[in-house]
Amino acid sequence: MSHRIFVPVLLVIAAGCGRKSPPPAADASPPPPPVETVEATSPQPETAAGGSEDAAVQDPTAERPCEPVWSVAAVEGRTFLDAALAGGVAALLYGVDDGFVLILVAGDPPDLLAVALPGWPDPRRPAGGDPAGAVASYGDRFLVAYGPSGPEGLSLRLRAVTATRGRLIPVNAAGAPGSDGAPALELPRPAPGLRPEVLLHGYPQGVVLAAAYFGAESPAGGVVVRTATGAPAADNLFDWRLAVGSSGGRWRLESAVHPEPIAYLGPLGRSALGVTAAGEPVLVPGAPDGRPFAFADGWIPSAGEAIRFGNERLAHEERRGEGGALAVIHDARGRVSARLALAPGNRVLAVSRSPHELLVLGPDGEPGLCRAGGPPRPPARLDPSGAFAHPSTGAGTCGR
């Protein structure tokens, strides 16, 4: 039996930040690749962290416990917003008093790196408002949408951060549209007291950023299509489009091939997953031979169900008594990849290409990682205070 060990480069960088001293010259990362190169990047297979090669040949429909590995303690003044997972690296998005910070967690024992996201506070816009945002994994990077939701409405920026070094990738070539990382989506608030719902989904073709204020008599929503760095992309990149549903609705999937109403759920491979009014799952675009889509275990998702999407994976929960839940993970073909039993009170936060690990949200609202296939051990409880106090600027050095 052989074992694989995944050691992200993040550990070297994070350790330097924790000591409040600049990293050695040997650790300095090279300039980011030209925009033409990163624009062509699409989600690639990830390196599975933890577990043995035997785990892949086990019956994926067999239930296994997802053992807690670590959790990140709450810090006063920091609001946890969303998370993503890729190749053993977790990205946690926080809104803070003076802006937004992405915390990257990797390694065993785990180490933390904080990346200050640019653009907020914005002197051109009134201060105040609640933080909002979302994170998605995309190959070798994380896409992060973030911004305040104030009395006048929502303003979101979209940036890409490398998963291993926490570097900000240029949005576009100098002088090109969106090169300065200006807000990608701005949305007026239709009625007081409403909180926005932010959706960030990565497809091999590109990235969909959408936001809406649901709950009003006339819901307000906006959608933009972006590249792998956050630069503007053609609106017709997909064979479908998103629209805000009418009365009390959610996102609606519109396609010339499917004239019937379809509730949008998220990405599954190169296709968008939706549910028809009759409760049937559908992929747009579908199979070339026109065969209807169905999940191998007979699962039928509902429009209001909490589903988490990752690279070529999705995870949903089957609730159990006494606060427990079973996370069922499907691949892009609808086959079951794993069935992981969660600790009581935990909810699924994020799934990656590896079906053997999940990000979860604990009963106290603290994000954490659980993993199947390893021996049970006391989970580490991480204090992010030091990382928040001395975040990286995303330029490869530890700034304040």
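The values are calculated or read from the model by the stated rules, or taken from the named source; none is laboratory data. All of these numbers come straight from a predicted model, not from anything done at the bench. Methodologically, a virtual Cβ is constructed for each residue, glycine included, from the backbone with ideal geometry; neighbour enumeration extends over all protein chains shown. Ligands, DNA and RNA are stripped out before the accessible areas are found, and what is left, the full protein with its side chains, is counted by its heavy atoms. Shrake-Rupley method; radii C 1.70, N 1.55, O 1.52, S 1.80 Å.
Things to note:
- Scanning segment 213-228 for residues that are under 17 Å from the mean Cα position of the chain (by Cα) and either in a loop (DSSP other than H, G, I, E, B) or of a type in the set (S, T, N, Q) (or both) turns up at least one hit.
Yes or no, residue by residue, for (1) over 16 Å from the mean Cα position of the chain (by Cα); (2) open to solvent by less than 10 Å² (accessible area, probe 1.4 Å); (3) of a type in the set (Gly, Ala, Ser):
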{"position": "LEU113", "(1), (2), (3)": "yes, yes, no"}
{"position": "TRP120", "(1), (2), (3)": "yes, no, no"}
{"position": "ALA145", "(1), (2), (3)": "no, yes, yes"}
{"position": "ARG189", "(1), (2), (3)": "yes, no, no"}
{"position": "GLY206", "(1), (2), (3)": "no, yes, yes"}
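- Of the residues in segment 150-163, at least one is outside any loop (DSSP other than H, G, I, E, B) and more than 21 Å from the chain's Cα centre (by Cα).
- Top-ranked residue of segment 253-284 - restricted to ones that are under 23 Å from the mean Cα position of the chain (by Cα) and assigned to a loop (DSSP other than H, G, I, E, B), ranked as nearest to VAL223 (Cα to Cα): ARG270
- Single residue of segment 228-274 satisfying the filter (β-branched (Val, Ile, Thr) and under 17 Å from ALA210 (Cβ atoms)) that is most open to solvent (accessible area, probe 1.4 Å): VAL244
- Of the residues screened, SER149 is one that is polar (S, T, N, Q) and under 17 Å from LEU81 (Cβ atoms).
- Any strands (runs of 3 or more DSSP E) falling wholly within segment 40-91 and containing at least 3 residues that are surrounded by 18 or more Cβ atoms within 10 Å (Cβ to Cβ) and at pLDDT 55 or above: 67-72, 79-86
- Scanning segment 371-387 for any residue that is modelled with pLDDT of 90 or more, in contact with a strand residue (DSSP E or B) (Cβ under 6 Å, 6 or more places away or on another chain) and under 28 Å from ILE300 (Cα atoms) turns up at least one such residue.
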